[in-house]
1. Contact list please: Cβ distance under 6 Å, first residue in region 1-27 and closer than 17 Å to Ile74 by Cα, second residue among the hydroxyl-bearing types (Ser, Thr, Tyr), pairs at least six apart or on different chains.
2. Restricted to region 71-91, and to residues that are modelled with pLDDT of 70 or more and more than 17 Å from Gly20 (Cβ to Cβ), which residue is surrounded by the most Cβ atoms within 10 Å (Cβ to Cβ)?
3. State all residues of region 53-70 that are at pLDDT below 85 and surrounded by 10 or more Cβ atoms within 10 Å (Cβ to Cβ); if no residue qualifies, say none.
Amino acid sequence: MTIDLTNRERAIFAMTFAVGLVVGLWAGLFMLPAEALNVPTEERSTGPGGETAERALFLPVPRSYFFVTITAPIVAAWYSYGRLREETEESTDEDAHETIVDGGTYDDV
C-alpha cells in the first residue's frame with residue numbers, strides 16, 4: 001500500500017512539521033522546572049574570610065533552539081513554496097493540453 005501525496009499535501013506536512021518542531025522544543029523546555037536546570041558549575045571564592053560560594057552558571061536555553069526556531073520555518077516555507085509552484089505549473093500545462101484536445105488552441109488558455 002503506497003500513499004501518493006499531492007504537492008499541496010506535502011507543503012502542508014512540511015509547514016506542520018516545522019511548526020510542531022519549534023513549538024515542541026520550546027514547550028519541552030518550559031515544562032522543565034527551574035530547579036532541574038539550576039546546577040552549580042562554577043565555584044568562586046568571595047568575602048574577606050576566603051569563604052567559598054557556589055554560583056550556578058548555565059544556559060537555560062540551548063543555542064541550538066534559536067537556530068532551529070529560525071531555520072525550520074524558513075526551510076519549510078521554501079520547500080512548500082517550491083512544491084506549490086510546481087503544482088501551479090503542472091496544472092497550467094494540463095489545462096492547456098485539455099483545451100487543445102477539446103478542439104481549442106493554445107491561445108484560448
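1. Partner pairs satisfying both residue conditions: Ala11/Ser80; Ala14/Tyr79; Ala14/Ser80; Met15/Ser80; Val22/Thr69; Leu25/Tyr65.
2. The extreme case among them is Arg83.
3. Across region 53-70, the qualifying residues are Ala53, Glu54, Arg55, Ala56, Leu57, Phe58, Pro60, Val61, Pro62.
Residue by residue, here is whether (1) within 19 Å of Val68 (Cα to Cα); (2) surrounded by 10 or more Cβ atoms within 10 Å (Cβ to Cβ); (3) modelled with pLDDT of 90 or more; (4) touching a Lys or Arg at 6+ places or on another chain (Cβ under 8 Å) holds:
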position	(1), (2), (3), (4)
Thr6	no, yes, no, no
Met15	yes, yes, yes, no
Ala18	yes, yes, yes, no
Leu25	yes, yes, yes, no
Leu29	yes, yes, no, no
Asn38	no, yes, no, no
Ser45	no, no, no, no
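The values are calculated or read from the model by the stated rules, or taken from the named source; none is laboratory data. Just so we're clear, the structure is a prediction, and the values are computed from it rather than from any experiment. Note that each Cβ is placed from the backbone with ideal geometry, even for glycine, and that neighbours are counted across all protein chains shown.
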